[in-house]
Amino acid sequence: MKRIVVGISGASGAIYAQGVIRALVAAGVEVHLVVSTYGRRLLRDELGMEQVNLETLAGRSDHGITLHNNNDVGAAIASGSFRHDGMIVVPASSNALASIANGLGDTLLYRAAAVTLKERRKLIVCHREMPLTHIDIENMHRLSLAGGIIAPANPGWYFLPQSTQDIADFVVARLLDLLGVEHAVGQRWGD
């Protein structure tokens, strides 16, 4: 069974986090979730959650998601001995990007990302802000050099999306592909 760490930060794009989590749960992946303070606000503003609601995120009650407290930098996912198949931060704000790129570990989300890089595991950062400053570009460069994968939430239009869900699914499908998780989200070119 795959084990994936998911981080949610405060950039707009809760629909991407929800889509990734639903697909991971549907694929039988063990999900470990950490949500930043601004990520909690994002879930409230965009999905109407007063508290992190795992059933809403997963789309079902038998989700098996482990929710970690972002203030607990001693949680299992902050240790290199906690084996997993990758971590994704979705959506990722410029603040999250900067913190991860510069190796900050003052929250569980950032510490887990730093450990993921240290252990040479896959780290995907789905940056969702625009326009980019030169600082953002430098942080992306720094993170890429450290082994992270920058996957901006840039949907393609060649499938002629008919809804916002189609647009979100395009991004979610690419993120799941990067995680190496089999899924049936969206369309593939040539299928």
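The values are calculated or read from the model by the stated rules, or taken from the named source; none is laboratory data. For clarity, every value in this text was computed on a predicted model and none was experimentally measured. When we count neighbours, we look across all protein chains shown, and the Cβ atoms used for this are built from the backbone with ideal geometry, even at glycine.
Between Val171, Val125, Val181, Val115, which is over 30 Å from Gly74 (Cα atoms), touching a helix residue (DSSP H, G or I) at 6+ places or on another chain (Cβ under 9 Å) and among the β-branched types (Val, Ile, Thr)?
Criteria check complete, one pass: Val171.
Out of region 23-41, which residues are in a helix (DSSP H, G or I), crowded, with 21+ Cβ neighbours inside 10 Å and touching a strand residue (DSSP E or B) at 6+ places or on another chain (Cβ under 7 Å)?
If the condition is that a residue be in a helix (DSSP H, G or I), crowded, with 21+ Cβ neighbours inside 10 Å and touching a strand residue (DSSP E or B) at 6+ places or on another chain (Cβ under 7 Å), then Leu24, Gly39 are the ones that fit.
Conditions tested, residue by residue: (1) free of Cβ contacts under 8 Å to residues at least 24 places away in the same chain; (2) on the phi > 0 side of the Ramachandran plot.
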site: Arg120; (1), (2): no, yes
site: Pro131; (1), (2): yes, no
site: Ile135; (1), (2): no, no
site: Asn139; (1), (2): no, no
site: Gln162; (1), (2): yes, no
site: Leu178; (1), (2): no, no
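What do you reckon, is Arg128 loosely packed, with under 12 Cβ neighbours inside 10 Å and of a type outside the set (Val, Ile, Thr)?
It is false that Arg128 is loosely packed, with under 12 Cβ neighbours inside 10 Å and of a type outside the set (Val, Ile, Thr).
Of the residues Thr107, Thr133, which is among the β-branched types (Val, Ile, Thr), surrounded by fewer than 16 Cβ atoms within 10 Å (Cβ to Cβ) and at pLDDT 95 or above?
It is Thr133.
Determine whether Gly147 is in contact with a strand residue (DSSP E or B) (Cβ under 9 Å, 6 or more places away or on another chain), of a type in the set (Gly, Ala, Ser), at pLDDT 95 or above and farther than 19 Å from Ile8 by Cβ.
For Gly147, the condition - in contact with a strand residue (DSSP E or B) (Cβ under 9 Å, 6 or more places away or on another chain), of a type in the set (Gly, Ala, Ser), at pLDDT 95 or above and farther than 19 Å from Ile8 by Cβ - is met.
Being surrounded by fewer than 20 Cβ atoms within 10 Å (Cβ to Cβ) and in contact (Cβ under 8 Å) with a residue 12 or more places away in the chain is the filter here; which residues of region 141-150 pass it?
Arg142, Ala146, Gly147, Ile149, Ile150
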